[in-house]
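Presented below is the structure to which this report refers.
We did not get these values from a lab; they are worked out from the coordinates using the rules stated. What you see is a predicted model, and the numbers here were worked out from it, not measured in a lab. Every residue, glycine among them, receives a Cβ derived from its backbone with ideal geometry; neighbour counts consider all protein chains shown.
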Amino acid sequence: MATLYGGLDKPGPYVVFMKWYPGYMSAPHSYATDRLSVVLAGTWWVNSGADFDPANAVPVPAGGFVRRVARTPHYDGVMANAKEPAVIALFGIAPVDLQLVDSTKPAWRQV
């Protein structure tokens, strides 16, 4: 992750770039504020809901836009068979206050 402006834990707006490598997804989680995401490269796979079900994630190709609504569980990442990582630009207002749906499980999952 590369922070371009602000920070995820500092009050105020932020801009970060995040690289997702093939074979990894986040566990279901939510944020305190809305987040806007633009896929800069690769394909990012996204889904909403508290149940981790990567088989039903939706592909978002480069140029695609995703809005994450505050306090709505979701997860995302890159499928194992992808040929390249995905690079995402994230925009929002911090502090993010990431909350895992199930804090007894890891925050990242191999897929």
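Once the mean of 1/r is taken over each pair of separate Cα atoms and inverted, the stretch 39-94 shows a Kirkwood hydrodynamic radius of 12.0 Å.
Between residue 24 and residue 51, the simple label model (points 7 Å from Cα in the Cβ direction) yields a spacing of 2.7 nm.
Placing a pseudo-label 7 Å from each Cα along the Cα-to-Cβ vector at residue 58 and residue 33 gives an inter-label distance of 2.5 nm.
Spin-label model, residue 5/residue 17: points 7 Å from Cα along the beta carbon direction are separated by 1.5 nm. Where the alpha-carbon atoms of the chain are placed on the principal axes, they occupy 37, 31, 19 Å, in descending order.
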